[in-house]
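Some notes on the structure that comes next.
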Amino acid sequence: MMIQIDDTIISMDLFEKQFCCDLSDCKGICCIEGDSGAPLEESEVPILEKILPVVWDDLSDKSKAVIEKQGVSYIDIEGDRVTSIVDGCECVFTYLDENGVCKCAIEKAYREGKIDFYKPISCHLYPVRLENLRNGTVGINIHRWKVCKAAFEQGRKCGLPVYQFLKEPLIRRFGAEWYEKVCIAAEEIKKMNK
């Protein structure tokens, strides 16, 4: 079953599944494993190019070489614009912190007040993936990936539904009014399931 709110079609998984990132367990593996970069909106590419000098020193030599060769993004095999990757899997914007946890150099620069762009919305929204549907409608689904098994387990322990875990990025992408409608829908779903 899906729920429509404004111009979005939302999977019930956002209400029924629980999720809470556990970096101590996964070490940020979602940024360094996969066969494609993080999905990008076209408007994000010039932003990444603009902030590149600010994050440059936090990037690995391999990341710098990839960016110098092909830029901050490319079109993947499915025809989507994504962040460039190193060795076929690692996002060029990653770095390892002092504890060996893979993190985002863009988010680091944002938290340090150096830039006003948090990170690509697809990264901020993960494990949610957006799909552009007909007539400007956007599908909102959960991406299931074995590397996030601990996050789903942690979410169950905390009793934290995906839509609550992702409150900030969902508001960033769709607005506070839309998110309020999601919360109302969640309450209605709870009543129906009693």
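Shown here is the pair-distance distribution of the range 74-183: with all Cα-Cα distances grouped in 5 Å bins from zero up to the longest one, the shares run 2, 9, 14, 21, 22, 18, 10, 3, 0, 0 percent. Note that the range 13-21 has calculated 3J(HN,Hα) couplings of 4, 4, 9, 9, 9, 10, 7, 7, 3 Hz, one per residue in order, obtained from phi through the Karplus relation 6.51 cos²θ - 1.76 cosθ + 1.60 (θ = phi - 60°); glycine and proline are x.
Dividing the mean sequence gap of close Cα pairs (under 8 Å, 6+ apart) by how many residues the chain holds gives a relative contact order of 32 percent. Taking label points 7 Å from Cα along the Cα-to-Cβ direction, D116 and D87 give a separation of 3.8 nm. A straight Cα-to-Cα reach below 18 Å connects K194 with the aspartates and glutamates D13, E16, residues fewer than 8 places away in its own chain not being considered. Strictly over 28 Å apart at the Cα level, which of K167/K190; K50/K146; K17/K181 would you flag in this model? Violating the 28 Å limit, Cα to Cα: K50/K146.
Taking only the Cα atoms of the chain, the ratio Rg/Rh comes out at 0.98, with Rh defined as the Kirkwood radius. Residues of the range 35-79 with an amide N closer than 15 Å to a point placed 7 Å from the Cα of R129 along the Cα-to-Cβ direction: 35-41, 76-79. Per-residue extension of 0.36 nm, minus the Cα-Cα distance of K191 and L160, leaves a gain of 9.4 nm for this segment. Here the convex hull built on the C-alpha positions of the range 52-128 has a volume of 111 cubic angstrom per residue. For E16 and Q4, the difference between the fully extended length at 0.36 nm per residue and the C-alpha to C-alpha distance is 2.7 nm. List the residues of the range 85-121 whose backbone N lies under 14 Å from a point placed 7 Å from the Cα of V138 along the Cα-to-Cβ direction. The answer is 120-121, whose backbone nitrogens lie closer than 14 Å to the label point.
None of the figures in this text is laboratory data; all of them are computed from the coordinates on show. These numbers come from a predicted model, not from an experiment. Here the Cβ is made from the backbone with ideal geometry for all residues, glycine too, and neighbour counts use every protein chain on show.
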